[in-house]
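Presented below is the structure to which this report refers.
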Amino acid sequence: MKQLADQPFALLGINSDSDREELKKTLQEEQITWRSWWDQGSSNGPIQTRWNVTLRPTIFILDGHGVIRYKDVTNEALDDAIATLLKELAGQPSQKASADKNTGADKK
Amino acid sequence: MRPRSFVTLTLLLVLSAAYVGDLSGDDASSPAERYQRLVAEYEAGREPRELAEKFFDLAEQFPKDPAAVDALDWVLKKLRNQPESQRALERLAKNHLESARLAAVCPQIARTSSLTAEKLLRSALEKSPHLEVQAQACLHLALLLDQQATVVQQLKKKPESAERVLEYYGKEYGRHLASLDPKQLDKNREQVYERMLKSFADVMSRDGTLGQLAEKQLFQIRYLSIGRVAPEIQGQDIFGKEFKLSQYRGKVVMLSFWGHW
């Protein structure tokens, strides 16, 4: 993930741990620098419920327009997915993302 | 009565009783009892293939009896990916769409990986006069389509798994799955879940009502499928500061649901 530091990329978490204070310690110990929502301290929190997440880890990759492009990819597939979307982002003229649902953006 | 006629009469009665006994096979028993007896034969060690014909005969002979549907259900269960299953599906479609007993067979129909199965569930949903059958057909059709969506997604992610898919589902159905357009499939799923919400919302299922299931699945299909704009997320981070997903528009975002327990 280090090589992504200069890229328009963000890793965001949704965390289900019950103890917030313990979690802060965990972040320090494991040097987790990326931001997470604390989903009310359980796996039934509002965000997880809304996203219908039951297994962990669950991963979604969104492109620059906020469109879901990949789900549950790991290892090389994950790296490839991110690389592909970054290339796509770099190749596009700068534009304000509008909430369009079915753009051609979902073509690989 | 004079002794000779008495004897003749008795003889006649005994003989006719024996004849009637022969006519209905080894029983004057009900279709349900005959069904049970066939099941017992299977459990005693008979090969399902050998018994299949008898189950089919039972269904032919007593088309209006629930035991007929049970008999065909048995074939679906014990001869799942065999030609006999196809035959059972065809019989159900042809002769038993009106049966109330069809509700109990819907799960097994869905498990029979074939286009015929999908068609049968759709027919039952449209044509059955029984609400319970319609509801079960709707539910299991939805679950079947969900399963197709999972396979299609898997094939897109890992095209090399195509061979395993063909092996598991058989060539015909496997090829059908490989040919499905994910967007069209999602549209079909959406339609079925919309129908579920409209017509069967109050029907109880394992994890709540069908209405609840439909709403959950519709949300997922409409907002959490690949190609859809992700729903907004907002809340506090671990340090209590509010932030939103939409703040990150213009960046590639990886969302990771995680936790320790």
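Split chain B at each of the trypsin sites (Lys or Arg not before Pro) in a DSSP loop with at most 14 other beta carbon atoms within 10 Å, and the longest piece is B:81-205. Lys and Arg at +1, Asp and Glu at -1: add these up for the other residues within a Cβ distance under 14 Å of A:Glu22 and post the number. Its environment carries a net charge of -2. Counting every other Cβ atom within 10 Å of each residue's Cβ, B:Val203, B:Val192 order from fewest to most as B:Val203, B:Val192.
Checking every one of the GluC sites (Glu not before Pro) in region A:1-88 against DSSP loop status and a limit of 12 other Cβ atoms within 10 Å picks out A:Glu30.
Counting only other chains, what is the mean number of Cβ atoms within 10 angstrom of the Cβ of each residue in peptide B:212-222?
Per residue, the average neighbour count from other chains is 1.
Computed per residue of chain B from DSSP H runs no shorter than four, each worth -39500 (n - 2.57), the mean residue ellipticity at 222 nm is -21500 deg cm²/dmol. Loop-resident trypsin sites (Lys or Arg not before Pro) (DSSP state other than H, G, I, E or B) in region A:44-94 with no more than 11 further Cβ atoms inside 10 Å of their Cβ are absent. When the pairs A:Lys71/B:Lys187; B:Lys156/B:Lys187; B:Lys78/B:Lys183 are compared against a 26 Å limit on Cα-Cα distance, B:Lys78/B:Lys183 fall above it.
Phi-derived couplings, Karplus 6.51 cos²θ - 1.76 cosθ + 1.60 at θ = phi - 60°, listed residue by residue for region A:49-62: 5, 4, 8, 6, 8, 10, 9, 10, x, 10, 10, 10, 10, 10 Hz, with x used for Gly and Pro.
As a proxy for reagent exposure, B:Ser179, B:Ser199 were ordered by neighbouring Cβ count within 10 angstrom, fewest first; the result is B:Ser179, B:Ser199.
Using amide H atoms built 1.01 Å from N in the peptide plane, name the residues 5+ places from A:Phe9, or on other chains, whose amide H lies under 5 Å from its own. Correct list: B:Val252. Restriction of the chymotrypsin sites (Phe, Trp or Tyr not before Pro) in region B:198-234 to DSSP coil positions whose beta-carbon has at most 11 other beta-carbons within 10 angstrom yields no sites. DSSP beta bridges confined to the protein assembly as shown are antiparallel in about 60 percent of cases.
Is the shape of region A:1-82 rounded, prolate or oblate, going by the alpha carbon gyration tensor and its root eigenvalues a ≥ b ≥ c, with a/c under 1.5 for rounded and a/b larger than b/c for prolate? Oblate, because a/c is 1.5 or more while a/b does not exceed b/c.
Taken together, the values in this text are just the output of simple stated rules run on the coordinates, not laboratory data. Since the structure is predicted, the reported quantities are computational estimates derived from the model, not experimental observations. Cβ: placed from backbone, ideal geometry, glycine included. Neighbour counts: every protein chain shown.
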